[in-house]
Amino acid sequence: MPEGLEHLEHLAKNTEDWDAIYRQAHFLKSSVSVIRIRNMFDNLTKIEAHAKAHEKEAMLAVLEEVLSVYKEAHPLLLAERDKTGAGKI
């Protein structure tokens, strides 16, 4: 997940490859649909829509929220992974 978010951030901030941005956000939705991090699924859906509409500023605002929420959730996910013996988070 961290690598996928970094890739999405790079694409969104440094390119206008709207299709790649859309695909990366869509790819990440499958992960967050399983682990249910606060609003991330909905926000990734918004990023997809903004990418389709070529709305960079709106997309970047939502991306910042996604990154902030994930930064907050990551230590909790790691603790849960260590407790349950799950795979990479």
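The values are calculated or read from the model by the stated rules, or taken from the named source; none is laboratory data. Just so it is clear, the model here is predicted, and its values are computed rather than measured. Using ideal geometry, Cβ is built from the backbone for each residue, glycine included, and neighbour counts are taken over all protein chains shown.
So which residues in the stretch 1-21 are part of a helix (DSSP H, G or I), surrounded by fewer than 20 Cβ atoms within 10 Å (Cβ to Cβ) and over 11 Å from the mean Cα position of the chain (by Cα)? Of everything in the stretch 1-21, those that are part of a helix (DSSP H, G or I), surrounded by fewer than 20 Cβ atoms within 10 Å (Cβ to Cβ) and over 11 Å from the mean Cα position of the chain (by Cα) turn out to be His10, Lys13, Asn14, Trp18, Asp19, Ala20.
Please go through the stretch 28-45 and give me each residue that is surrounded by fewer than 16 Cβ atoms within 10 Å (Cβ to Cβ) and among the basic types (Lys, Arg), ordered by number. Within the stretch 28-45, Arg36, Arg38 qualify. Selection of the stretch 29-45 for residues being within 9 Å of the chain's Cα centre (by Cα), modelled with pLDDT under 95 and aliphatic (A, V, I, L, M) yields Val32, Met40. If you filter the stretch 46-62 down to residues that are closer than 15 Å to Arg23 by Cβ and under 12 Å from the mean Cα position of the chain (by Cα), you find that the one that is surrounded by the fewest Cβ atoms within 10 Å (Cβ to Cβ) is Glu48. From the list Leu8, Leu67, the lone residue that is among the hydrophobic types (A, V, I, L, M, F, W, C) and touching a Phe, Trp or Tyr at 6+ places or on another chain (Cβ under 9 Å) is Leu8. Here Val69 clears all of (1) surrounded by 15 or more Cβ atoms within 10 Å (Cβ to Cβ); (2) at pLDDT 95 or above; (3) within 10 Å of the chain's Cα centre (by Cα) except the condition numbered (2).
Could you please find all residues in the stretch 33-77 being of a type in the set (A, V, I, L, M, F, W, C), assigned to a helix (DSSP H, G or I) and touching a residue at least 24 places away in the same chain (Cβ under 8 Å)? Of everything in the stretch 33-77, those that are of a type in the set (A, V, I, L, M, F, W, C), assigned to a helix (DSSP H, G or I) and touching a residue at least 24 places away in the same chain (Cβ under 8 Å) turn out to be Ile35, Met40, Ile47, Ala51, Met59, Leu60, Leu63, Val66, Leu67, Val69, Ala73, Leu77.
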